[in-house]
Each structure stands twice: as structure tokens, then as C-alpha cells.
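One structure below.
The values are calculated or read from the model by the stated rules, or taken from the named source; none is laboratory data. These numbers come from a predicted model, not from an experiment. Methodologically, a virtual Cβ is constructed for each residue, glycine included, from the backbone with ideal geometry; neighbour enumeration extends over all protein chains shown. All accessible areas refer to the heavy atoms of the entire protein, side chains included, with ligands and DNA or RNA removed. Shrake-Rupley method; radii C 1.70, N 1.55, O 1.52, S 1.80 Å.
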Amino acid sequence: MPAVTADTLTLPRLPELPEAGTAWRGVRRIIQARKFLEGEGFQVRRPFPGVDLSLADPFLLLDHMGAVEYGPGEAKGAPWHPHRGFETVTYIIDGAFEHTDSIGGGGLITDGATQWMTAGAGILHNEMPPQDMIAKGGLFHGVQLWVNLPKALKMVQPRYQDIKARDAKLLSSADGGALVRVIAGTLAGHDGPGVTYSPITYLHATVSPGARLAMPWPEDFNAMVYVLSGRGTIAEEGRPLEEGQLGVFGPGSALTMRAAAGQPGNSAAGWEILVLGGLPINEPISRYGPFVMNTRQEIVQAMEDFQAGRLGQIPAEHLAHRSSADEKL
Ligand code: MN
């Protein structure tokens, strides 16, 4: 159950789109997320990258974390590691992640908040559950999205944006049956808070059982829907899409989707979906682990720069904590 809710009747509404004369996008592909272990061993569901990365361009990766109910001592994170060449967007629906990085950015990302980190030329960061969550356990549910940077911006200065839950722009579907949280980009003239180098739109919607969500969508953006929980159908043809599946739309200027009237127990409030798309960058991609560049030579350079400490340093106070912990062993 997402932390950010609202009475949709009080919110600005998406426009009613005419059934005839609207270029509704059809379904190009349905992709089943695969399961991986990340960081210290927490499970993610990953709909992309898959066989064809160009389908998702400008996005590189989507990791769906949870929803999971951690017991005491079970919560896991991702200790210090580097990135170069793209941006990471971490959206926490329930629970919390604590972020610290080598440029002094940091804070608690919790209950509807988003952290936007531009790795650019290089950054080191860690993403860990807060101490009280490790001690007590609890519900954790979040998403990390990687957004590519074009060649000309791969080596920009790293940047950190802390977007509070209350900063998301809240909208409702035309009939009030769906709540839409605009995390980044613009939807029907309403701007979300995230500032992006690569033009994207990124939304989290809760669609009440049986309700329809329709929206205009830029023709030059790709468009995808990922299901966090529940079930529904997408496009005019009504293709079923359920938890852990990604629907990739074809060309057109509007999207339509509908929540199933009957929802599973973990999604009683409705169909929980991410709707996302952006302007494809259309450049070659060379990637290795946490580095995403244009050529293999640039990947080799990134590894050398990381080894030489040129992607940043772990802040001294963290090293101090670590060495005092080590001394106790
Ligand atoms: Mn990371």
C-alpha cells in the first residue's frame, strides 16, 4: 500500500480524450521481469535490460525491489560502489533507504520520496536500510531506474536531488478513478519535481478496481507500463498485464489502460503501475556493471579511473566507522 495517497476528487484531472480521432498506442511487446540478487543479496525483479535494450532507450535498467516484509536483521542494501555515465532514480514506495555519496549528497529516502543521482563523470555511493529497519524489520518496496546520458553529457559533474514525497505532483484520471503521482517530467502540462538531463516522463499510478486511466503522451517518447502489483489491461485491444510484467507500447499520441475489476489480495486498493517513457538517445551503449558508456575503451578508462580513486572517495567519517567496526573484530 503506497505511503502517498490522496482524495482524487480534489486533484487536477487529466483531460478527457475523444475515443475516435485519438492515436491510441498499441502493444508492441509484453516482457516478464526476471529475478536477480543485488547488493548484499536482496531480490529485485528486472523487466529490462532484456534481449533488446533499444526498446527501453533512454532507460537502461529497472529494478523492482520488494514488496518484502523483512524480519529483524534481514533488511539488506548495497554498500559503497561506483557509477559513471548515467543517472539513477530511486523511488521508495514503502520503507526506507539511506543514501550517502562521495559528493556530500545523502539522506533518508522514505515513504514516497525519490532520490535522483546523476553519476555523470563519477560518483561513489551506498544505499542501505536505516539502522532501525535493520533492527526491527518491516515493509520495504521500491524501484530503481537507470536513465542514460547522451555522449555529450556522460562526463557532467555529479549531482544529487532529494525529492520529498510531498513534492510529487498529484493528478487524477478524467473520472477520478486513478491517482497519478508525477515523479519526473510533464504529463498533460503538469510538471513533476525531478530535473532530468534526458527528457523523460515517470509516473506511479494507483488505478481503482475497474477504473480506466488514459493520458496524452509525447509522440517522440517511447512508452512503457510496469506492474508493481495487481492486474489490468493495456491499450484499446485490452492486453492483460499483471504484477512483474512490462508492456511496451508502439507509436501514437495517447495511452489507455484499465484496472481489472477483481484484484489480488496484495493490491486491494487497485492496480499499482509505473508509466514511463522518454526521448530515445539512439547512441551506441557499452556497459560493464556500474559503468555505462558509448565505447569499450571508455569502460576500460572508467575502471582505471575507479582503481585510481578518480571517481570519488568514501567520506572520512564512513571510513572511520568502518575501521572502528573492524577493530572490534
Ligand atoms: Mn548504485
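Worth pointing out:
- Set of lysines near K164 by C-alpha distance (under 16 Å), chain-local residues within fewer than 8 positions excluded: none
- In this Cβ point-charge picture (+1 for Lys and Arg, -1 for Asp and Glu), the stretch 38-185 has a dipole of about 420 debye about its Cα centre.
- Cβ-defined net charge surrounding T206, 11 Å radius [Lys, Arg +1; Asp, Glu -1]: 0
- Interchain or long-range residues, amide H under 5 Å from V156's placed H: A121
- Computed from label points 7 Å out along Cα-Cβ, the spacing between A316 and E304 is 3.1 nm.
- Nearby aspartates and glutamates by direct alpha-carbon distance to K154 (threshold 20 angstrom, same-chain neighbours under 8 apart not counted): D57, E87, D101, E283, E298, E304, D305
- Take the Cα of A23, step 7 Å toward its Cβ, do the same at E236, and the gap between the two points is 1.3 nm.
- Carbon + sulfur, % of accessible area of the stretch 10-310 - ligands and nucleic acids excluded, 1.4 Å: 52
- In this structure the amide hydrogen of R231, modeled in the peptide plane, comes within under 5 Å of the amide hydrogens of A260, none closer than 5 places in sequence on its chain.
- Under a Gaussian network description of the chain, with springs only between Cα atoms under 10 Å, the residue in Q115, Q301, Q32 that fluctuates furthest is Q301.
- Calculated mean residue ellipticity at 222 nm for the chain: -3000 deg cm²/dmol, from DSSP H runs with n ≥ 4 weighted as -39500 (n - 2.57), summed, divided by the residue count and rounded to 500.
- For the stretch 100-197: rounded, prolate or oblate by the Cα gyration tensor [a/c cutoff 1.5]: oblate
- Projected area averaged over orientations for the stretch 10-310, convex hull of C-alpha atoms, nm²: 15.0
- At a probe radius of 1.4 angstrom, the accessible area of the chain per residue rounds to 42 square angstrom.
- Theoretical FRET efficiency, 1/(1+(r/R0)^6), r = Cβ-Cβ of V4 and A174, R0 22 Å, to 0.05: 0.60
- Partner lysines whose Cα lies under 23 Å from the Cα of K136, excluding those fewer than 8 positions away in the same chain, are identified as K76.
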